[in-house]
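Written below as structure tokens is the structure these notes are about.
The values are calculated or read from the model by the stated rules, or taken from the named source; none is laboratory data. Note that this is a predicted model, so its numbers are computed, not measured. Here the Cβ positions follow ideal geometry from the backbone for every residue, glycine too, while neighbour counts run over all protein chains shown. Ligands, DNA and RNA are excluded from the accessible area calculation, which covers all protein heavy atoms including side chains. Shrake-Rupley method; radii C 1.70, N 1.55, O 1.52, S 1.80 Å.
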Amino acid sequence: SIRRQRQMCIRDRGKMDAVDLITFSLYVSVFMAPIRKLTQFVEQFQKGSSGFLRFLEIMRAEPDVKDAPDAKELENVKGGVEYRDVSFHYQNGEEVLRHVDLTIAPGETLALVGPSGSGKTTLSQLLPRFYDVTGGAVFVDGQDVRKVTQASLHRYIGIIPVSYTHLTLPTNREV
């Protein structure tokens, strides 16, 4: 029956009936599914591999900000933070902060609000020493953050990434 149909197909010089066409199509689709999965895996593996190589490159890089040779452990932290006459400019000379004085008492909450590029992120990145100030000093409980080890400083700092959400609130007329 099936063998006979195949023989007829061969004898009929490449002509194919509907059953043979459907059978052939099913075989092709059965074999293509694993090939597609393998292709997707290889693509995902390549992306993951390049991402992992970039991660290793970052982890091997020497940080720009280093501990002072006489840096001490930050201990008995209560949470007081002070920015005293802080100035900062990037290596390209762009000045971001100029003579900022700010005191945050232990347990106090502070919101930094302002337009893009006004120095909010830079100000917050000076506390964990992602950058060092170019003028003035940042203190935690009266200790200059440049004089404590970064590892001990980072144990007491929690960082929450910024997520931008656009809210549209009704005006008084619309309420």
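This table checks each residue for (1) assigned to a loop (DSSP other than H, G, I, E, B); (2) more than 30 Å from Thr109 (Cβ to Cβ).
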position	(1), (2)
Lys37	no, yes
Val42	no, yes
Gln46	no, yes
Leu53	no, yes
Glu57	no, yes
Pro63	yes, no
Asp67	yes, no
Leu74	yes, no
Glu82	no, no
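Would you check if there is a residue in the stretch 18-32 being modelled with pLDDT of 85 or more, within 30 Å of Gly158 (Cβ to Cβ), among the small types (Gly, Ala, Ser) and surrounded by 10 or more Cβ atoms within 10 Å (Cβ to Cβ)?
Checked against the condition, which is being modelled with pLDDT of 85 or more, within 30 Å of Gly158 (Cβ to Cβ), among the small types (Gly, Ala, Ser) and surrounded by 10 or more Cβ atoms within 10 Å (Cβ to Cβ), the stretch 18-32 yields no hits at all.
If you check every pair at least six apart or on different chains, which have Cβ atoms under 6 Å apart with a residue in the stretch 54-80 that is closer than 17 Å to His154 by Cα first and a residue that is among the charged types (D, E, K, R) and open to solvent by less than 70 Å² (accessible area, probe 1.4 Å) second?
Val65/Arg129; Val65/Asp132; Val77/Asp141; Lys78/Asp141; Gly80/Asp141
When you go through Gly135, Gly119 one by one, which is the residue that is open to solvent by less than 30 Å² (accessible area, probe 1.4 Å) and over 27 Å from Asp70 (Cα atoms)? Spell out the reasoning first.
On the way: Gly135 fails: over 27 Å from Asp70 (Cα atoms).
Answer to the selection: Gly119.
Which pairs do you get when a residue that is farther than 13 Å from Ile157 by Cα, found in the stretch 117-140, comes within reach of a residue that is of a type in the set (S, T, N, Q), reach meaning Cβ atoms under 9 angstrom, with the pair 6+ apart or on two chains?
Tyr131/Thr122; Tyr131/Gln125; Val133/Ser87; Thr134/Ser87; Gly135/Ser87; Gly136/Ser87
Would you check which residues across the stretch 84-96 are in a strand (DSSP E or B) and without any contact (Cβ under 8 Å) to a residue 40 or more places away in the chain and list them?
Residues of the stretch 84-96 that are in a strand (DSSP E or B), as a first pass: 84-89, 95-96.
Within the stretch 84-96, Glu95, Val96 qualify.
So, in the stretch 138-175, of the ones that are under 20 Å from Thr121 (Cβ atoms) and among the small types (Gly, Ala, Ser), which residue ends up modelled with the highest pLDDT?
Gly158
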